[in-house]
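Working notes for the structure below.
The values are calculated or read from the model by the stated rules, or taken from the named source; none is laboratory data. Since the structure is predicted, the reported quantities are computational estimates derived from the model, not experimental observations. All Cβ positions, glycine included, derive from the backbone under ideal geometry; neighbour counts span all protein chains shown.
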Amino acid sequence: MKKLIVLGLVLCFMIIGLPLAIISTFDDEPIVEERPESKERVRVFINQENKTIEMDLEAYIKSVVASEMPGEFQEEALKAQAVAARTYAMARMRMFGENGHPNHSQAPLCDGVHCQVYISYEKLKEIKSSDWILKYWEKISEAVEDTRGLVMTYEGELVDQPLFHSTSGGNTENSEDVFTTSVPYLRSVASPFEIKAPYYKDSVTISLNDFKSQILSKYKNLSIDLNHFQDSVKILERSSGGRVSEIKVGNLILSGRDVREMLGLRSANFTIESKNNQITFNTIGYGHGVGMSQWGANGMAEQGSDYIEILKHFYQGVEIIEIDQL
Ligand SMILES: [Zn+2]
């Protein structure tokens, strides 16, 4: 009799419960209003699969914003990210078009950090929780739709380097202080509202010997006396945004960016402490520091700025226009 009851319950579940469970899975999909596709399409090289996909620009931007910025961020910060990502994609499409980027000749954009991170909606569903999808996919989609077709221009030309990074550490950098070229809209500006960022402050401690061997692995001619650390390692100069532009390491003069890359520091804005045969790098900020600080953008949004004010702050002198007006 018991067996029969159990069997009956199992059958009941299969007949009623299972279809309900399946329907409710579908019910859990976020409700995103379908909009017609835009005129613009992008081609993206998917690194891991070694294949190129083509898709609607706006669908691509939704995935980029979801991949590049926390969904928890303010709507206006997500919108600013959408315009920056769309501007970048359009600039790449116009610059490389059918020929593809020199690093991936199949397409002008790739899905990695080399360009801007693109994770498809299907992949996002696999790697994020269903809770995340429900909470944030619709929010991100709306932020993208609200800025549909908008891009940044500087003196009438499409901005081709709308760079962004996680956390500036208080001030962004002039482009020429981090990279080689001076770009008129990539100027050092204050970013005062990002103290909540998880890597606003961080530190890395390594032994002096490890420090020496890391530098030696790139600079074979290094000569350094670790017994006189204070004289051997000295910060000589900082950029206007606070990053180390010149640091003496033994007989070498390196850039803060060099040291950051060799030691895997979060930022080139650091101070140094040394004791007990160890060296500690205390960093401020996360990323190269040029262009829009994402945490700074979120902080501005919390203070009441809209996405246009955010973009015009981090990209000096830009205008925001419809792609069609280009
Ligand atoms: Zn790329």
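The single condition from (1) among the aliphatic types (A, V, I, L, M); (2) within 16 Å of the ligand (Cβ to nearest atom); (3) more than 26 Å from Ile320 (Cα to Cα) that Ile133 fails is (2). When Gly250, Gly287, Gly264 are checked against the criterion of being more than 19 Å from Ser182 (Cβ to Cβ) and more than 24 Å from the chain's Cα centre (by Cα), a single residue qualifies: Gly250. Those helices (runs of 4 or more DSSP H) of segment 1-80 in which at least 3 residues are at pLDDT 95 or above, considering only elements entirely within it, cover 57-68. Apart from one condition, Gly97 fits all of (1) at pLDDT 95 or above; (2) in a helix (DSSP H, G or I); the exception is (1). Is it the case that Asn221 is out of contact with any Phe, Trp or Tyr (no Cβ under 7 Å at 6 or more places or on another chain) and assigned to a helix (DSSP H, G or I)? For Asn221, the condition - out of contact with any Phe, Trp or Tyr (no Cβ under 7 Å at 6 or more places or on another chain) and assigned to a helix (DSSP H, G or I) - is not met. Phe164 satisfies every condition listed in (1) in contact (Cβ under 8 Å) with a residue 60 or more places away in the chain; (2) away from the ligand (no atom under 16 Å from the Cβ); (3) touching a helix residue (DSSP H, G or I) at 6+ places or on another chain (Cβ under 9 Å); (4) hydrophobic (A, V, I, L, M, F, W, C) except (2). Using the structure shown, decide if Ala77 is within 15 Å of the ligand (Cβ to nearest atom), under 18 Å from the mean Cα position of the chain (by Cα) and within 26 Å of Glu142 (Cβ to Cβ). Taking the combined requirement at face value, the residue does not satisfy it. Go through segment 295-315 and give me each residue that's surrounded by fewer than 24 Cβ atoms within 10 Å (Cβ to Cβ) and touching a residue at least 12 places away in the same chain (Cβ under 8 Å). Passing the criteria: Gly299, Ala301, Glu302, Gln303, Ser305, Asp306, Ile308, His313. Considered as a group, the residues in segment 86-120 that are free of Cβ contacts under 8 Å to residues at least 60 places away in the same chain and more than 13 Å from the ligand (Cβ to nearest atom) include one that is surrounded by the fewest Cβ atoms within 10 Å (Cβ to Cβ), and that residue is Glu98. For segment 265-280, a residue qualifies if it is crowded, with 24+ Cβ neighbours inside 10 Å and either small (Gly, Ala, Ser) or not assigned by TED's automatic domain parsing to the domain that holds Leu254 (or both), and the qualifying residues are Ser267, Ala268. For segment 162-217, filtering for residues that are closer than 12 Å to Ser267 by Cβ and surrounded by fewer than 16 Cβ atoms within 10 Å (Cβ to Cβ) leaves 2.
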